[in-house]
Amino acid sequence: MQVRKEGEYRSISKTALAIIRVSHTFVVVVVVIIIGLPLKLLQERGIAGMLDGVSLRLSRKALGSMIAWGMYESVLLFFLQSTINKGA
């Protein structure tokens, strides 16, 4: 499947204009997503809407961190004990 027409990309100036056109569209989409959606949420639901789901996310992250650190410490302890036992 051909996405672009070859006539549009035959010269450097046409290629540059095509890149600017695509970049401009990308910037508009990013601005709408990054700025527009949070502002709309803030207008509709206020500060409480911005903090919705924070407690669930923080508790999930804390639980994941506990599991990861527990595994790290267990593996570290295992390797330290096996190194000590090899030396004895």
Gain upon complete extension [Leu51, Val31; 0.36 nm per residue less C-alpha separation]: 5.1 nm
Whole-Hz ³J(HN,Hα) from phi, Karplus 6.51 cos²θ - 1.76 cosθ + 1.60, for region 35-52, glycine and proline x: 9, x, 5, x, 5, 5, 4, 5, 5, 7, 10, x, 5, 4, x, 6, 9, 5
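Read-outs: derived from the displayed coordinates by stated rules, not from any lab. Remember, it's a predicted structure, so these values are computed and weren't measured experimentally.
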